[in-house]
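J.: Below are the structure tokens for one structure; questions will follow.
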Amino acid sequence: MSEILKVDLVQSHLFWENPTANREQFSKKIAAVSGKVDLVVLPEMFSTGFSMQAKKLAESMAGETVNWLVKQAKTHQIALTGSLIIQEDNQFFNRLFFVFPDGTFQTYDKRHTFTLAGEDRVYKAGSEKLLVDYKGWKICPLICYDLRFPVFARNTEDYDLLLYVANWPKLRIDAWDTLLRARAIENMSYCIGVNRIGLDGNGYEYSGHSAAYDVLGNKISTQNEEKEWMDIVSLKKEHIITNRKKLGFLRDRDRFSLL
């Protein structure tokens, strides 16, 4: 078990519907932190941007971007996470991959598809929450619109880190800031959100505001600019244990389940 987990938040623009260009830029960013971190977090649909052109852009589970993720993780001996467009059984998914340093991976399909953009008409929603055990850290990775639905993210499993990858537009960025901090406080968990920047092919602007919060809702990431950056944060297991033991808020949580 690792007492400290070093996580790299990668806030970046995305080349619209261009997986090759996006893989190339992220290869360079990952190489820059090789040997310095345990986990690298990329945005939602990091290979294409938030596109509804699934028929044109979808890859298989044996596709180039999945193979790229595996290669990057094994080469640099780090874990990687981010989502991409996957086709499986004649259906499309906004699927998050959590790839381990040995090249194995686990996946999560976005539960709350973004109806405002018609994501629900293109992508099949997932139903299962994913809990990842990495270096003794229990991690719950979710995707963008999931942030608005606290019941699904509710910390009934005593996870240590709640993680969101996103393409969250500048127009509603105040909600992103507020909800990320709220998820950390209510779940007594570290909470990290990684968002993109720049314009997409539909003219929507993204301003980043990627951030990391501790279990008390204190912001621990240091980068604030609405531009490309990478920020390495150190998460401490003792911080979680001490505050949960001292305050005990999770012991008082209501008991109910999703239908």
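J.: Open to solvent by less than 50 Å² (accessible area, probe 1.4 Å), of a type outside the set (G, A, S), closer than 26 Å to W168 by Cβ and more than 19 Å from the chain's Cα centre (by Cα), is that true of E24?
T.: no
J.: Right, another one. Among the numbered criteria (1) more than 18 Å from S51 (Cα to Cα); (2) open to solvent by less than 20 Å² (accessible area, probe 1.4 Å), which one does Y123 miss?
T.: Failed condition: (1).
J.: Quick one: in region 233-256, of everything that is touching a residue at least 40 places away in the same chain (Cβ under 8 Å) and open to solvent by 70 Å² or more (accessible area, probe 1.4 Å), which residue is nearest to Q11 (Cα to Cα)?
T.: It comes out as K236.
J.: Identify, by number, the condition in (1) among the acidic types (D, E); (2) without any contact (Cβ under 8 Å) to a residue 40 or more places away in the chain; (3) within 25 Å of S207 (Cα to Cα) that E119 doesn't meet.
T.: (2)
J.: Let me ask something else about it. Just the residues that are more than 15 Å from the chain's Cα centre (by Cα) and either surrounded by fewer than 17 Cβ atoms within 10 Å (Cβ to Cβ) or hydrophobic (A, V, I, L, M, F, W, C) (or both), please, taken from region 153-169.
T.: Within region 153-169, T156, E157, D158 qualify.
J.: If you go through region 126-136, how many residues are surrounded by 11 or more Cβ atoms within 10 Å (Cβ to Cβ) and among the small types (G, A, S)?
T.: Final tally of qualifying residues: 2.
J.: Identify all residues within region 179-203 that are open to solvent by 10 Å² or more (accessible area, probe 1.4 Å) and on the phi > 0 side of the Ramachandran plot; write none if there are none.
T.: G198, G203
Conditions tested, residue by residue: (1) part of a loop (DSSP other than H, G, I, E, B); (2) in contact with an Asp or Glu (Cβ under 9 Å, 6 or more places away or on another chain).
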site	(1), (2)
S27	no, no
S34	yes, no
S47	yes, yes
F50	yes, yes
N67	no, no
A73	no, yes
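J.: Inspect all residues belonging to region 38-55 and state whether any of them is open to solvent by 10 Å² or more (accessible area, probe 1.4 Å) and in contact with a strand residue (DSSP E or B) (Cβ under 6 Å, 6 or more places away or on another chain).
T.: Taking every residue of region 38-55 in turn, at least one turns out to be open to solvent by 10 Å² or more (accessible area, probe 1.4 Å) and in contact with a strand residue (DSSP E or B) (Cβ under 6 Å, 6 or more places away or on another chain).
J.: As an exercise: evaluate K110 against (1) loosely packed, with under 15 Cβ neighbours inside 10 Å; (2) touching a Cys at 6+ places or on another chain (Cβ under 8 Å); (3) of a type outside the set (D, E) and give the number of the one condition it does not meet.
T.: (1)
J.: Quick check on region 130-143: of everything there that is in a loop (DSSP other than H, G, I, E, B) and either at pLDDT below 95 or touching a strand residue (DSSP E or B) at 6+ places or on another chain (Cβ under 7 Å) (or both), which residue is farthest from V37 (Cα to Cα)?
T.: Selected residue: L130.
J.: Select, from Y206, Y213, the only residue that is within 25 Å of M1 (Cα to Cα) and open to solvent by less than 80 Å² (accessible area, probe 1.4 Å).
T.: Within the list Y206, Y213, the selection yields Y213.
J.: Restricting the first residue to region 57-77 and requiring it to be at negative phi, which pairs with a second residue that is surrounded by 13 or more Cβ atoms within 10 Å (Cβ to Cβ) and of a type in the set (K, R) meet a Cβ separation below 8 Å and a spacing of at least six or different chains?
T.: E64/R23; T65/R23; W68/R23
J.: If L80 satisfies all but one of (1) within 23 Å of S27 (Cα to Cα); (2) open to solvent by 10 Å² or more (accessible area, probe 1.4 Å), what's the number of the condition it fails?
T.: (2)
The values are calculated or read from the model by the stated rules, or taken from the named source; none is laboratory data. What you are looking at is a predicted structure, and each value in this text was computed from that prediction instead of being measured. Note that we place each Cβ from the backbone using ideal geometry, even for glycine, and neighbour counts take in every protein chain shown. In case anyone asks, the SASA skips ligands and DNA or RNA and just uses the protein heavy atoms, side chains included. Shrake-Rupley method; radii C 1.70, N 1.55, O 1.52, S 1.80 Å.
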